[in-house]
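Inspection log for the structure reproduced underneath, given as structure tokens.
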Amino acid sequence: MNQQQHQNVIRLGLWAGQLMLQYGADSKLAETTIHRLCTALGADWADIAITANSLMLTTVYNKEFLTKVRRVVDRGINLKVVCDVAGLAEMVERGVADEYEVERRLRQLSDKPKKYNRWLVAAMVALSCACFCFLFGGGLPECGTTLLASLIGMTVRQSLGHQRVNPLINFVVTAFVATTIASFGVMLDIGEQPHIAMAATVLMLVPGLPSINAISDAVEGYTNMAVARWAFVTLLVMATGIGIMLSMTMTGVWSWI
């Protein structure tokens, strides 16, 4: 492997790691995949340092060290991209893909990552919130209120996300809209327990995967990433609470029980 090939190896390794971290991979999976990919492409060794918004990679070949850093920007959760990138390392190890194929696939994932239709996502999220409402003891009227409020709230969340609005502002606005719509069920006395709809509607804003990744990083020894991710999760929860409180203040409907 010459110097140009060494440059390509570290570039592809950084690219792969950036995609994984941008779309929701935990630190251990990202580090393992980068190391496997770089060594499979010809490097003797690869060391990876991951922070909350950057990725640093050092590759070694024939006692020559090469280090590069790339910024990591959150692009939401897309585990299909994470799985596809992780699969590339195995393909290279088995000899079914070379560096040109890796670059082609990474470019394809970067330019046009596969996503579900936004209306399908909104409908499924609304349906899941309605199911939670039913599990909490709500009847069909309460489930209907939850379905409508969650559908509109998720649509607002997607629209703000598409416009690259800050996630904290996104959560405040979404929680406010969803809670306000659900509170009309209480004011109009829709169903026997209309307050349940208010609680079930905002469950779509629970930051599940970031919380899991924060705990996973803490358990696996990535303390800095765990603290950073847990801080972000805390801010998201606080933003959701602010949106709910603003809505309750405006409508005068305070109780969830």
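The values are calculated or read from the model by the stated rules, or taken from the named source; none is laboratory data. The model shown is predicted, which means the values in this text are computed figures rather than measured ones. Reconstructed Cβ throughout: ideal geometry from the backbone, glycine too, with neighbour counts over all protein chains shown. Surface areas here come from the heavy atoms of the whole protein model, side chains and all, with no ligands, DNA or RNA. Shrake-Rupley method; radii C 1.70, N 1.55, O 1.52, S 1.80 Å.
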- Would you check the chain for Lys pairs whose C-alpha atoms are within less than 21 Å, ignoring same-chain pairs closer than 8 in sequence, and give me the count? 5
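Taking Cα pairs under 8 Å and at least six residues apart, what relative contact order does the stretch 11-98 come out at, in percent?
On the way: 141 pairs, mean separation 29.9, N = 88.
Relative contact order here is 34 percent.
How would you rank 82-92, 106-116, 147-157, highest first, on the average number of other Cβ atoms within 10 Å across their residues? Walk me through the numbers before you get to the answer.
Numbers: 82-92: 19.2, 106-116: 12.7, 147-157: 23.1.
Answer by packing, highest mean first, reads 147-157, 82-92, 106-116.
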- For the stretch 227-249 and the stretch 93-158, what is the separation of their C-alpha centers, rounded to whole Å? 21 Å
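At 1.4 Å probe size, with every protein chain present, just tell me what the per residue accessible area of the chain comes to in Å². Present the calculation step by step, with values, prior to reporting the outcome.
Details: 13590 Å² over 257 residues.
Heavy-atom accessible area per residue stands at 53 Å².
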- Note on the structure: Out of Q3, I77, C38 - ranked by how far each Cα lies towards the positive end of the dipole of the stretch 1-151, with unit charges on the beta-carbon of charged residues - the top one is I77
- Message: Given a Förster distance of 41 Å, report the FRET efficiency between E220 and M187 from their Cβ-Cβ distance, rounded to the nearest 0.05.
- Response: 0.30
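Charges only on Cβ, +1 for Lys and Arg, -1 for Asp and Glu: so what's the dipole of the stretch 1-159 about the Cα centre, in debye to the nearest 20?
Here the size comes out at about 460 debye.
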- Task: Just grab the label-to-label distance for V227 and D44, each label 7 Å out from Cα along the Cβ direction, in nm (one decimal).
- Result: 3.5 nm
- Item | Kyte-Doolittle mean at least 0.5 and Cα axial length at least 27 Å: DSSP H helices in the chain | 140-162, 167-187, 223-251
- So, in nm, how far is label K115 from label M238 when the simple model puts each one 7 Å beyond its Cα toward the Cβ? 2.8 nm
- Note on the structure: Counting only protein heavy atoms with a 1.4 Å probe and every protein chain in place, the carbon and sulfur fraction of the accessible surface of the stretch 39-119 in whole percent equals 51 percent
- Do the sum for the chain: with -39,500 (n - 2.57) for every DSSP H run of n ≥ 4, divided by all residues, what is the mean residue ellipticity at 222 nm, to the nearest 500 deg cm²/dmol? -22500 deg cm²/dmol
